[in-house]
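Single-structure report; data block below.
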Amino acid sequence: MARPSLNRRLVLGSATTALAQTGWPNKPVRIVVPFAPGGTTDLLARAVAPELSKTFGQQFVVENKAGAGGNLGAEAVAKSAPDGYTLLMGTVGTHGINRALYPKLPYDPFNDFAPITLVAAVPNVMVVPADAARANNIHTVQDFIKLAKSRPGKLNMGSSGNGTSIHLAGELFKSQTGVFMTHIPYRGSGPALLDLVGGQVDVMFDNLPSAMQLIKSGKLKALAVTSLTRSAALPDVPTIEEAAGLKGFEATSWFGLLAPAGTPPDIVSRVQQEVARALNTPAIKEKMLSQGAIPSGNTPAQFASLIESEHKKWAQVVKVSGARVD
């Protein structure tokens, strides 16, 4: 049976859930982050939540529910009541990659959710511990490739979890450069970055916003960004294509709010409008841009189309890279 399009499902709400829910919200609203604190998903949720709390007069509370590459948190939201009181800060992993990577995904990224809005898109950045970079004379991506090839299987690559863009960026890098590194999945970028700084991890392709402070403080060295163009937040850092000659290399991330399928469209619309307004305020917009995030706030229909196209793109990346769940 053909799957109904996400755009069509955006207008479908259960008649029994009272579409004109004038009392919403009359209690706190949860925003589930499917990763540990400290990563970009968490940072973006905590940037948006206070603005929504002020607008709606109820607390929007961020709840971290990490595990299985974001699957645990996404599944929890998918199975929640479609009443507007549980939202998900979804990612390119939970809604673009995992269906292609996990043989038994516990939720349907298309049918189980009502897309609300894309919050932001970000490049990933290839980072190594600054101390290790100095000790091993790693100044460029080519230096790192040379080191990795001289120690096949000895270096490890951290990520925020299986199926995340951080994981897939690394797998794509491995497949295109011919280096072999052991993948170590964490329950979010926060704990992975701590081990990277501490030297327990050799390299990471993290989302730029969560790595930015450690780069600026000199604890991490940024070798390249994984977007097709340089980031305005790190203009002196080359792209992977520039630094390693990998033509067309791209592995960027995005983050957006979703609700359980069947959530009344008027609630979806109200949240989208207020997120878009918040993202356009100078303070939030400038903060995000300075950290390498590009704020969006697009419509539910536009976000739905993005999810559809990103799934097709990343399914091909999974196939070509040979990525697997560790």
Qualifying positions in the range 18-51 - at pLDDT below 95 and over 27 Å from the mean Cα position of the chain (by Cα): Ala18, Leu19, Ala20, Gln21, Thr22, Gly23
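Could you say whether any residue in the range 114-124 is free of Cβ contacts under 8 Å to residues at least 60 places away in the same chain and either among the polar types (S, T, N, Q) or on the phi > 0 side of the Ramachandran plot (or both)? Don't jump to the end; show me each part of the working.
So in the range 114-124, the residues free of Cβ contacts under 8 Å to residues at least 60 places away in the same chain come out as none.
No, that holds for no residue.
Among the residues that make up the range 86-99, is at least one of them farther than 27 Å from Ala224 by Cβ, more than 13 Å from the chain's Cα centre (by Cα) and free of Cβ contacts under 8 Å to residues at least 12 places away in the same chain? Spell out how you get there, then give the answer.
Kept after step one, since they are farther than 27 Å from Ala224 by Cβ, are these residues of the range 86-99: 86-88, 99.
The next check asks that each one be more than 13 Å from the chain's Cα centre (by Cα); those that pass are 86-87, 99.
Narrowing the set further to residues that are free of Cβ contacts under 8 Å to residues at least 12 places away in the same chain leaves none.
Within the range 86-99, not a single residue is farther than 27 Å from Ala224 by Cβ, more than 13 Å from the chain's Cα centre (by Cα) and free of Cβ contacts under 8 Å to residues at least 12 places away in the same chain.
Looking at the range 115-131 only, could you name the residues that are small (Gly, Ala, Ser) and surrounded by fewer than 24 Cβ atoms within 10 Å (Cβ to Cβ)? I'd like the intermediate steps shown before the answer.
Pass one, the range 115-131, residues small (Gly, Ala, Ser): 120-121, 130.
Of everything in the range 115-131, those that are small (Gly, Ala, Ser) and surrounded by fewer than 24 Cβ atoms within 10 Å (Cβ to Cβ) turn out to be Ala121, Ala130.
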Looking only at the range 197-214, and only at residues there that are of a type outside the set (Asp, Glu) and either in a loop (DSSP other than H, G, I, E, B) or more than 19 Å from the chain's Cα centre (by Cα) (or both), the one that is nearest to Gly245 (Cα to Cα): Val201
Verdict on Ser175 being closer than 10 Å to Gly39 by Cα and part of a helix (DSSP H, G or I): no
Among (1) touching a Gly at 6+ places or on another chain (Cβ under 7 Å); (2) on the phi < 0 side of the Ramachandran plot - the single one Gly262 does not satisfy: (2)
Matching residues, the range 88-130, being out of contact with any helix residue (DSSP H, G or I) (no Cβ under 7 Å at 6 or more places or on another chain) and in a strand (DSSP E or B): Ala121
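The values are calculated or read from the model by the stated rules, or taken from the named source; none is laboratory data. This one's a predicted model, so the numbers in the text were calculated from it and none came from an experiment. Positions of Cβ are generated from backbone atoms using ideal geometry, with glycine treated the same way; all protein chains shown enter the neighbour counts.
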